[in-house]
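Chemist: Quick one: the structure is below, questions incoming.
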Amino acid sequence: MNNSDYENYIKLKDQLNIYRRQYYTEDAPTVQDFEYDRLYQELLKVESAHPEWVTNDSPSQNVGGAINSAFPKFRHEIPMLSMDDVFSLEESQASAERIKKFVNQTDVEFNLELKIDGLALSLIYENGRLVKGSTRGDGFVGEDITPNIFQIDDVPKTIPLKERIEVRGECYLGKDSFAELNNKRLEDGKSTFANPRNAAAGSLRQLDSSITKSRHLQTFIYFVIEPENYGLKTQSEALKQLQEWGFATNNQNRVVNDFKEVQNYIDEYQEKRLDLPYNIDGIVFKVNDFKLQSLLGNTVKVPRWEFAYKFPPIEAHT
Ligand SMILES: NC(=O)c1cnc(N)c2cc(Br)sc12
């Protein structure tokens, strides 16, 4: 083993952990997402060549980040995992092929969805009433932010379902609300947020709910936990049902069967993303059939039945 390779790996791992703390816990990253992604992919490459170097504190073994202890802790009954990322059409095709091989089926239907650049949240309803809202945290223990969730207008406080249910999605700040917020902060002589995702995170993870209320946060809900308990068979069906229950859902999803359709969808939204009223940073591929999703299951950190294609960074025009 070349000692300096190992030392470089430790430096890379420590640097990534600093970036994660800034992004997930402090809501104030000092590095752009694409640079973080590049370094993270480099770490994965080194770890696949040297699995014996991998320790529990590696970013590859953890989801999300440490929580703000000022909030009550909330242990997720089912971990809130993250997702594998791919960075090219070819990689996304290879991932889709690996999934088909795993389930030994050539015609697997995928539901493509927009990857919202916000922060993950979980909502729990009992007897049709919202009882709990939480952040992802480290995937196992998140922050109980229930009072703040009640301040988000598009989160239904009651739903027409008596059974207990957990749904998950993304909390985000629209581009216009972000611009208004930063202009107001500039007028008030305050620091501005680097991007809408940090502004959303800083607004949702607020100890003062009235500040959360003033920030016009929005949500897209896209997961039903244990969907088959509610008679749902596919992800596309679950999105329709979520909308009928009263959740804010993103209806720009598309069920695809072949790669040409995937290419069309990616091209279409790579084009449209600048005009959408919210930030997206990629496309989520989900195996549409829940029975196949169960067959595929999860690895320690990510589901095998979904992955994200990340758009290349938007060129900053100086
Ligand atoms: N549509 C989706 O499933 C989706 C959208 N936006 C996101 N940031 C994420 C993250 C995970 Br993990 S899934 C997902």
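The values are calculated or read from the model by the stated rules, or taken from the named source; none is laboratory data. Computed from a predicted model, the values in this text were never measured in an experiment. Here the Cβ is made from the backbone with ideal geometry for all residues, glycine too, and neighbour counts use every protein chain on show. Surface accessibility is based on the protein's heavy atoms, side chains included, excluding ligands, DNA and RNA. Shrake-Rupley method; radii C 1.70, N 1.55, O 1.52, S 1.80 Å.
Chemist: Consider SER134 against the criteria (1) more than 16 Å from the ligand (Cβ to nearest atom); (2) touching a helix residue (DSSP H, G or I) at 6+ places or on another chain (Cβ under 8 Å); (3) farther than 22 Å from GLU228 by Cα: it satisfies all of them except one. Which criterion is unmet?
Modeler: Of (1) more than 16 Å from the ligand (Cβ to nearest atom); (2) touching a helix residue (DSSP H, G or I) at 6+ places or on another chain (Cβ under 8 Å); (3) farther than 22 Å from GLU228 by Cα, only one is false for SER134: (1).
Chemist: Here's something else I'd like to know. In the stretch 214-238, which residue that is farther than 18 Å from ARG164 by Cα and assigned to a helix (DSSP H, G or I) is farthest from the ligand (Cβ to nearest atom)?
Modeler: Filtering first and then ranking leaves SER214.
Chemist: Then there is this: Is there any pair with a first residue in the stretch 256-285 that is open to solvent by 70 Å² or more (accessible area, probe 1.4 Å) and a second that is in a helix (DSSP H, G or I) and of a type in the set (Lys, Arg) whose Cβ atoms are under 7 Å apart and which are 6 or more apart or on different chains, and what are they?
Modeler: Final answer for the pair search is PRO277/LYS175.
Chemist: Just checking, which of LYS272, LYS233, LYS240 is within 19 Å of SER294 (Cβ to Cβ), basic (Lys, Arg) and modelled with pLDDT of 95 or more?
Modeler: Just a single option satisfies the conditions, and that option is LYS233.
Chemist: Evaluate the following for SER58: is it farther than 27 Å from VAL155 by Cα, in contact with an Asp or Glu (Cβ under 8 Å, 6 or more places away or on another chain) and free of Cβ contacts under 8 Å to residues at least 60 places away in the same chain?
Modeler: Values: farther than 27 Å from VAL155 by Cα: yes; in contact with an Asp or Glu (Cβ under 8 Å, 6 or more places away or on another chain): yes; free of Cβ contacts under 8 Å to residues at least 60 places away in the same chain: yes.
Taking the combined requirement at face value, the residue satisfies it.
Chemist: Select from the stretch 211-222 the residues that are in contact (Cβ under 8 Å) with a residue 12 or more places away in the chain and surrounded by fewer than 20 Cβ atoms within 10 Å (Cβ to Cβ) and write down the one among them that is farthest from CYS171 (Cα to Cα).
Modeler: LYS213
Chemist: Any chance you could count how many residues in the stretch 120-169 are closer than 25 Å to ASP281 by Cβ, open to solvent by 20 Å² or more (accessible area, probe 1.4 Å) and of a type in the set (D, E, K, R)?
Modeler: Residues meeting the conditions: 4.
Chemist: Identify all residues within the stretch 117-131 that are among the hydrophobic types (A, V, I, L, M, F, W, C) and either more than 16 Å from the ligand (Cβ to nearest atom) or more than 13 Å from SER82 (Cα to Cα) (or both); write none if there are none. Write out each step before concluding.
Modeler: Within the stretch 117-131, the first condition is being among the hydrophobic types (A, V, I, L, M, F, W, C), and the residues that meet it are 119-121, 123-124, 130-131.
Within the stretch 117-131, LEU123, ILE124, LEU130, VAL131 meet the criteria.
Chemist: A further question follows. So for the stretch 64-73 (the condition being within 16 Å of the ligand (Cβ to nearest atom) and in a loop (DSSP other than H, G, I, E, B)), does at least one residue qualify?
Modeler: Within the stretch 64-73 (the criterion being within 16 Å of the ligand (Cβ to nearest atom) and in a loop (DSSP other than H, G, I, E, B)), the answer is yes, since at least one residue qualifies.
Chemist: Can you confirm whether VAL262 is away from the ligand (no atom under 12 Å from the Cβ) and modelled with pLDDT of 95 or more?
Modeler: Yes.
Chemist: Would you call ASN183 without any contact (Cβ under 8 Å) to a residue 60 or more places away in the chain, open to solvent by 50 Å² or more (accessible area, probe 1.4 Å) and part of a helix (DSSP H, G or I)?
Modeler: Against the criterion (without any contact (Cβ under 8 Å) to a residue 60 or more places away in the chain, open to solvent by 50 Å² or more (accessible area, probe 1.4 Å) and part of a helix (DSSP H, G or I)), ASN183 qualifies.
Chemist: What are the residues in the stretch 241-251 that are surrounded by 15 or more Cβ atoms within 10 Å (Cβ to Cβ) and either within 15 Å of the ligand (Cβ to nearest atom) or without any contact (Cβ under 8 Å) to a residue 40 or more places away in the chain (or both), if any? Spell out the reasoning first.
Modeler: So in the stretch 241-251, the residues surrounded by 15 or more Cβ atoms within 10 Å (Cβ to Cβ) come out as 241-242, 245-250.
Across the stretch 241-251, the qualifying residues are GLN241, LEU242, PHE247, ALA248, THR249, ASN250.
Chemist: Of the conditions (1) away from the ligand (no atom under 15 Å from the Cβ); (2) modelled with pLDDT of 95 or more; (3) open to solvent by 70 Å² or more (accessible area, probe 1.4 Å), ARG304 fails just one. Which one is it?
Modeler: (1)
Chemist: Something else: If I go through the stretch 35-60 residue by residue, how many of them are hydroxyl-bearing (Ser, Thr, Tyr) and open to solvent by 40 Å² or more (accessible area, probe 1.4 Å)? Show your work before the answer.
Modeler: If we filter the stretch 35-60 for residues that are hydroxyl-bearing (Ser, Thr, Tyr), which is where we start, we get 36, 40, 48, 55, 58, 60.
Restricting the remaining residues to those that are open to solvent by 40 Å² or more (accessible area, probe 1.4 Å) gives 36, 48, 55.
Counting residues in the stretch 35-60 that are hydroxyl-bearing (Ser, Thr, Tyr) and open to solvent by 40 Å² or more (accessible area, probe 1.4 Å) gives 3.
Chemist: Considering only the stretch 186-205, how many residues are hydroxyl-bearing (Ser, Thr, Tyr) and open to solvent by 40 Å² or more (accessible area, probe 1.4 Å)?
Modeler: The number of residues fulfilling the criteria is 2.
Chemist: Search the stretch 74-96 for residues being open to solvent by less than 40 Å² (accessible area, probe 1.4 Å) and in a strand (DSSP E or B), and hand back the single one that is nearest to the ligand (Cβ to nearest atom).
Modeler: VAL86
Chemist: Okay, next question. Quick check on the stretch 105-113. Is at least one of its residues β-branched (Val, Ile, Thr), open to solvent by 80 Å² or more (accessible area, probe 1.4 Å) and not in a helix (DSSP H, G or I)?
Modeler: Yes, the stretch 105-113 has at least one match.
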